[in-house]
Amino acid sequence: MELSFWWMPLLWAFVIAGVLALAFVLTRRRMRRRPARAAVPVAHTERLTALPAYRRALTRYRALLALSVAAVVVALAAAVVLSARPVAVSAYQPELRNRDIVLCLDVSGSMVDYDAEIVDTFSDLVDEFDGERIGLVLFNASAATAFPLTSDYAFVEKQLSELGDKMRNADEDYSFANGTLLGNGSSLIGDGLGSCVMRFDDIGQERSRSIILATDNFVAGEQIVTLPEAGEFATENDVTVYGINPGDVASKSYIKDLADEFEKVVTDTGGAYYALDDPGAIPAIVGQIQSEQAADMTGATQIVKTDIPVWPIVAGLVGTAGLMFLGWRLKR
C-alpha cells in the first residue's frame, strides 16, 4: 500500500500539535485568571474511596475514559490515512499483437451515400479486435491520415464515431475530407490504395499487415498508379488487402467490370472481397486477419494505482460509533 498524498499525515501532525499547544496555553491562562476558591475539607473520605462499589465504579470510569481516548485515536488515524488517499500499486505489461490494420476509405462523391455506413462497419470491425494496431486513411484525389496506427481503442472508437456523425451531415460539415482533394481528378483508387500501403511503419519487423479497402472502384481522374499496380505494390510489401464494395449490388450491374477488377486485385494479395451488404463480411474479415501468423508481444510496463479506502472508512466508522457509545456510558 502507498499513500498518494504522503504529506497529509505530516500536515495533520502539525495541525494536531498546534491545536493541543493552543489548548494547553488557553487552559493555563484561564486557570491563572480564575479566583482561588476556599477548599471545603471533608473528613474520612478514605472510607468512601475504600468501598468496593466505589473502587469498581472508579475502575470502570477510568476504563471508559481510556477506551474513549482509543476510539478518538482510531477515528482520527482513519481520517488521516483516508485524506492521504491509500492506493495499491501494481505493474503489468499489456499484451499486444503484431498485427497492423489500416482502414482505407474512399470519400469521393460516388461514395457519399455509403461512407457513414462503412464507418459503422469499421466500428463493428474494431470491436472484434484486441491488441492489434489500427489506423484510418481517407482518400479521394489524394490521401489524408485520419489517425495513425494505434492500439488505443478508446481513441479509435471516438474518432470513428465523430467521423460517422460528420459524414451523416456532410451537407453541413465536409471538413472530414480536408486534404483529399489535391490530385488530378477524383476517386483515384489506385493512388489511394498505394498511399494506404505506405502508412505502415516498422517495415523491417515481422508483422502481419492488412488493409481493409472500402471503395466502389469508380475512377474519375488521372491516377499515378492503377488499382492493379497498387495491388502489386501491396503484395511486394507483404500487405494483404480485404475489399468492401458498396457498389456491388444487382441494381448497379453497369459497373460489374469495376467490381470484378476490384475483387481480382484484393484476392491476388491473399485477401478477400465482399459486398457492403454481405452479412458475413465482418466475421470473415476478422477471422482471416486473426488467423494470420502473428506472435503475441508485451507492451511497455504500466503502473496501475487502485484506491483502497475500505479499511480506513471501516476503522473511522468503528471509532466514531465506539466514541458515541462510550460517551453515552460515561454520561450514565
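Odds and ends about this structure:
- Leading residue by the ranking (nearest to residue 186 (Cα to Cα)) among those in segment 229-241 that are open to solvent by less than 50 Å² (accessible area, probe 1.4 Å) and touching a strand residue (DSSP E or B) at 6+ places or on another chain (Cβ under 7 Å): 231
- Checklist (1) more than 30 Å from residue 228 (Cβ to Cβ); (2) in contact (Cβ under 8 Å) with a residue 24 or more places away in the chain; (3) not acidic (Asp, Glu) applied to residue 175, failing item: (2)
- Hey, residue 175 of a type outside the set (D, E, K, R) and open to solvent by less than 40 Å² (accessible area, probe 1.4 Å) or not: no
- Evaluation of residue 202 against (1) within 37 Å of the chain's Cα centre (by Cα); (2) under 18 Å from residue 267 (Cα atoms) (one fails), failing number: (2)
- Residue tally, condition open to solvent by 10 Å² or more (accessible area, probe 1.4 Å) and touching a strand residue (DSSP E or B) at 6+ places or on another chain (Cβ under 9 Å), over segment 104-119: 3
- Selection count where residues are part of a loop (DSSP other than H, G, I, E, B) and either of a type in the set (Phe, Trp, Tyr) or on the phi > 0 side of the Ramachandran plot (or both), scope segment 173-186: 2
- Residue within segment 141-160 that is open to solvent by 60 Å² or more (accessible area, probe 1.4 Å), touching a helix residue (DSSP H, G or I) at 6+ places or on another chain (Cβ under 8 Å) and assigned to a loop (DSSP other than H, G, I, E, B) present: no
- Of the criteria (1) of a type in the set (Val, Ile, Thr); (2) without any contact (Cβ under 8 Å) to a residue 60 or more places away in the chain; (3) open to solvent by less than 40 Å² (accessible area, probe 1.4 Å), which one residue 101 fails: (2)
- Residue match in segment 190-204 (condition: open to solvent by less than 40 Å² (accessible area, probe 1.4 Å), under 18 Å from residue 112 (Cβ atoms) and modelled with pLDDT of 85 or more): yes
- A count restricted to segment 210-228 and to residues that are among the acidic types (Asp, Glu) and surrounded by 15 or more Cβ atoms within 10 Å (Cβ to Cβ) stands at 1.
- Segment 273-294 residues that are of a type in the set (A, V, I, L, M, F, W, C), paired with ones that are modelled with pLDDT under 70 (beta carbon under 6 Å, 6 or more apart): 275/248; 294/97
- Here residue 67 clears all of (1) within 35 Å of the chain's Cα centre (by Cα); (2) at pLDDT 80 or above except the condition numbered (1).
- Residue that is over 30 Å from residue 226 (Cα atoms) and either among the β-branched types (Val, Ile, Thr) or in contact with a strand residue (DSSP E or B) (Cβ under 8 Å, 6 or more places away or on another chain) (or both), where the choices are 129, 122: 129
- In segment 281-326, the qualifying residues are those that are of a type in the set (Gly, Ala, Ser) and either exposed (fewer than 13 other Cβ atoms within 10 Å of the Cβ) or not in a helix (DSSP H, G or I) (or both), and the one that is modelled with the lowest pLDDT is 295.
- Filter result (of a type outside the set (Asp, Glu) and either open to solvent by 60 Å² or more (accessible area, probe 1.4 Å) or part of a helix (DSSP H, G or I) (or both)) within segment 161-172: 161, 163, 164, 166, 167, 168, 169
- Residue 245 falls short on exactly one of the conditions (1) surrounded by fewer than 24 Cβ atoms within 10 Å (Cβ to Cβ); (2) closer than 14 Å to residue 106 by Cα, and that condition is (1).
- Selected residue (only one of 240, 226, 145 is at pLDDT 90 or above and farther than 23 Å from residue 263 by Cβ): 145
The values are calculated or read from the model by the stated rules, or taken from the named source; none is laboratory data. The shown structure was predicted, so the numbers you read here are calculated from the model rather than taken from an experiment. All Cβ positions, even for glycine, are placed from backbone atoms using ideal geometry, and neighbour counts span all protein chains on display. Please note that ligands, DNA and RNA were not included when accessible areas were found on the heavy atoms of the full protein model with its side chains. Shrake-Rupley method; radii C 1.70, N 1.55, O 1.52, S 1.80 Å.
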